[in-house]
Amino acid sequence: MKPTLQRPVVPELGRSRMVGTPIMPSVVYAADDPDALDAQYEGGGAGYTYAREGHPNADMLAQRIDALEGMRGGMAVGSGMAAVTAVLMGLCRAGDHVVGGNQLYGRSLRLMNEDLPRLGITTTLADPTDAQAIAAAIRPETRLVLIEVVSNPTLRVADLDGIAAVCKAHDVLLVVDNTFTTPRGIRPAEHGADIVLHSVTKLLAGHSDVTLGWVCASDPALMDAMRVFAVTTGMTASPFDCWLAERGMMSFDLRFDRAETTAERLAAHLAGKPGVTRVLYPTRPDHPDAARAQGLLKGHGCNMVSFEIAGGRAAANAFARGAAGIAFAPTLGDVGTTLSHPASSSHRAMTEAQRASLGMTEGFFRVSVGLEEPDALLAEFDAGLRAAAETTQSG
Ligand SMILES: *Cc1c(COP(=O)(O)O)cnc(C)c1O
């Protein structure tokens, strides 16, 4: 094809095929004529028109996550919070009521506590480890229940099957944010979730270089409603980000398994150390939800470990500085291990008493385990613990 005007020259591939996914950043797509465009809008023809309404890289990414979750027709959006918002604001109207888990991701809690009530949607938070507590929160006008399977940062495990039964009995939609557990740990649709969502930013993309989300409803009418809302409010995922995420997902299973194995080892290692007052990992026998985790996660755990050290903020500061090879950064799911301190980051808006009631003291840390060589990683934690111990001895 010869170059004409300001139009792309698309190479002929002949009898060869691509083995990598191409990036298609085009915002607009040309149609042959008005009839062709009509057919496309009426769903009779395949194709794209304008990237905010959908583009090939978003679709390729969404299909890959659909396959992992065992669902169909999911949508990629610009962030995990866009996915949460597409559900809550795309499916609820003023007068509706929403039940949320009481330890949801911080921004999801903010939506529940601040933004939905402002728009006339009332909300109740309840403990998702107790299906009866969720049942008690449901009202005649309840539209949906939003939970995470493993909570952040205390790693409590929701009674997913119990809550699914409650939702079915009350004809209420069950929405599961599967970011922490990932489809490697659990496929919520198989447990009765009507809608599943992800922050793709975290383990699925896995390299801390994109923010993206994904959401899928098993009912196509619900999916349409969310899609229209996402297109209208501009939740578009960038083609380049979708491409990066798809590339990251090629190694998702391997990364998850490696991080999970190391996380188990780290939890066992920390549990035996002086100065460590508590270790939380969902499948450890001393975890309050260990039996449920074994059943739900089918032998899997997760890549997250939380722990508490003695000595308060001074020891926490010393630990973070002493474990210098570990990024002190409030994210999760990266190839590198990251350490976060809820009291100074994700849960800083709470009072100390509120945090204490959830078990989050000044010495409490959450670790997202990455792909480092495990012995080298454990040595970093040991260095952090030695530094923390010095502060408690000298102070
Ligand atoms: C990070 C996260 C989100 C939000 O995702 P973003 O991509 O940061 O917008 C939602 N839920 C959970 C459980 C998360 O960890």
- Item | S26 open to solvent by less than 90 Å² (accessible area, probe 1.4 Å), farther than 30 Å from P117 by Cα and among the hydroxyl-bearing types (S, T, Y) | yes
- Meets criteria (away from the ligand (no atom under 11 Å from the Cβ) and open to solvent by less than 30 Å² (accessible area, probe 1.4 Å)) for A189: no
- For the range 56-71, state whether one or more residues are within 26 Å of the chain's Cα centre (by Cα) and farther than 28 Å from P188 by Cβ. no
- In this structure, is G95 more than 16 Å from the ligand (Cβ to nearest atom) and open to solvent by 10 Å² or more (accessible area, probe 1.4 Å)? yes
- helices (runs of 4 or more DSSP H) wholly inside the range 229-319 containing at least 2 residues that are touching a His at 6+ places or on another chain (Cβ under 7 Å) and either of a type outside the set (K, R) or crowded, with 16+ Cβ neighbours inside 10 Å (or both): 239-249
- Restricted to the range 173-186, and to residues that are more than 12 Å from the ligand (Cβ to nearest atom) and farther than 19 Å from T85 by Cα, which residue is most open to solvent (accessible area, probe 1.4 Å)? R184
- Query: Only one residue in S345, S306 is touching a Pro at 6+ places or on another chain (Cβ under 6 Å) and more than 20 Å from A259 (Cβ to Cβ). Which one?
  - Reply: S345
- Item | Residues located in the range 69-89, provided they are more than 16 Å from the ligand (Cβ to nearest atom) and surrounded by 19 or more Cβ atoms within 10 Å (Cβ to Cβ) | M71
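To keep it simple, each residue is scored yes or no on (1) more than 14 Å from the ligand (Cβ to nearest atom); (2) at pLDDT 95 or above; (3) not assigned by TED's automatic domain parsing to the domain that holds M350.
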residue: P153; (1), (2), (3): no, no, yes
residue: A164; (1), (2), (3): yes, yes, yes
residue: L204; (1), (2), (3): no, yes, yes
residue: D209; (1), (2), (3): no, yes, yes
residue: A245; (1), (2), (3): no, yes, yes
residue: R265; (1), (2), (3): yes, yes, no
- Item | Filter result (assigned to a loop (DSSP other than H, G, I, E, B) and either open to solvent by less than 20 Å² (accessible area, probe 1.4 Å) or farther than 24 Å from G370 by Cβ (or both)) within the range 192-218 | G192, A193, D194, V200, L203, L204, A205, G206, V210, L212, S218
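The values are calculated or read from the model by the stated rules, or taken from the named source; none is laboratory data. Here the structure is a predicted model, which is why all the values come from computation and not from measurement. Note that each Cβ is placed from the backbone with ideal geometry, even for glycine, and that neighbours are counted across all protein chains shown. These accessible areas exclude ligands, DNA and RNA; they are computed on the full protein's heavy atoms, side chains included. Shrake-Rupley method; radii C 1.70, N 1.55, O 1.52, S 1.80 Å.
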